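> What follows is a structure written as structure tokens; I'll ask about it next.
All of the numbers you see were taken from the coordinates with simple rules; none came from a lab. Everything numeric here is computed off the predicted structure, so don't read it as measured data. Positions of Cβ are backbone-derived with ideal geometry, glycine not excepted, and every protein chain shown enters the neighbour counts.
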Amino acid sequence: MERIRKALERAGQDRQLSGADTRFNPPPHTGTDLSTGVRYTMTRMVEVSEQHLRDNRIITALPDHKFRDSYRMLRTRVLQTMRNNGWTSVAVTGPATGCGKTLTAINLAISLAMEVTHTVLLVDLDLRRPTIHKYFGDEPELGLSDYLQGDIPLHKILFCPSVERLVVLPGRNAVVNSAEMLRSPRMVALVNELKTRYPDRLVVFDLPPILAADDALAFSPYTDCFLMVAESGTTRKEDLEKAYQILKSTPLVGTVLNKSEAPSSGYGYGPGTNKKKGFFS
């Protein structure tokens, strides 16, 4: 908890700095517009079979799945809140491991990409356990850790799965000093580049659980808002409250009640505030 306390202090300082001075030195432009059209000449293409999507519960890419509309409802609520506040990025996390936050981030990103007015960049920031690429059946030779620790062009890391208007930035190798990497100057410059270069792009970040490490807290000044994922019947109320408290300085768009047997009656979203905890299942 001492490490989280120190991270809270650093996050507050970083948020003040990011709000006062948004200047940065972006990485060299690769010449590829990742945000318009669906033909990519420099980004690696990954073909994903329908059976693989089904086996890995990527249901928003399956037109006949019975739960697809649930994610579409989540997408609409999240998108409305982001648009009302002028936000372009959302970070997905949860109180503890096993809540389904990575799968929620993937399905949300795909559902957002179904909207023809914008494109989506899905970024694996769970540097301790990067797994997004596995859900798409890919084993990349390069990942975000290579970009942060070396001189690797970003376009050599990105890949496009079998979903129009979606680009993925995978993590690949695990990083020991992940919290420090997430708030490093190179990471901050990259995030600003991803969020601001193209006006029609939305960015979805997948972050580690709040109570497992201080990574999400360390990164909190650099995302516009958070989406919390809780597991029905497993996530403890006190852990959820602790997670809310740790992220109290960052807007919370709502909370997904994952693995619920019965649908909830509503959301209760409060744009730009942590006082209302919106639940969705």
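> Between their Cα atoms, which of 195/248; 156/242; 101/195; 156/248; 134/259 are more than 31 Å away from each other?
Over 31 Å apart, Cα to Cα: 156/242; 156/248.
> While we're here: What area, in nm² and to one decimal, does the C-alpha convex hull of the range 130-194 cast on average over all directions?
So the Cα hull casts an average projection of 4.6 nm².
> Next question, about the same structure. Rounded to the nearest 0.05, what FRET efficiency do residue 245 and residue 76 give with R0 = 41 Å and r taken as the Cβ-Cβ distance? Could you check?
Approximately 0.90, to the nearest 0.05.
> Between residue 259 and residue 44, how high is the FRET efficiency from 1/(1 + (r/R0)^6) when r is the Cβ-Cβ distance and R₀ = 30 Å? Nearest 0.05. Can you show the working numbers first?
Working: r = 33 Å, r/R0 = 1.09.
The formula returns an efficiency of 0.35 here.
> If I model a spin label as a point 7 Å beyond the Cα along the Cα-Cβ vector, how far apart are those points for residue 162 and residue 141 in nm?
In this crude label model, residue 162 to residue 141 measures out at 2.4 nm.
> Here's a follow-up. Between residue 62 and residue 196, take the C-beta separation as r, use R0 = 51 Å, and let me know the FRET efficiency to the nearest 0.05.
Efficiency, from the Cβ-Cβ distance: 0.95.
> Provide the convex hull volume over Cα atoms per residue for the range 58-125, in Å³.
About 99 Å³ per residue, rounded to a whole number.
> When a/c reaches 1.5 or more, the comparison of a/b and b/c decides; with that in mind, is the range 36-183 rounded, prolate or oblate per its Cα gyration tensor?
Judged from the Cα gyration tensor, the range 36-183 comes out rounded (a/c under 1.5).
> Follow-up question, since we're still on this one. Relative to the present Cα-Cα distance, how much length would full extension add between residue 180 and residue 97 at 0.36 nm per residue of separation?
27.8 nm
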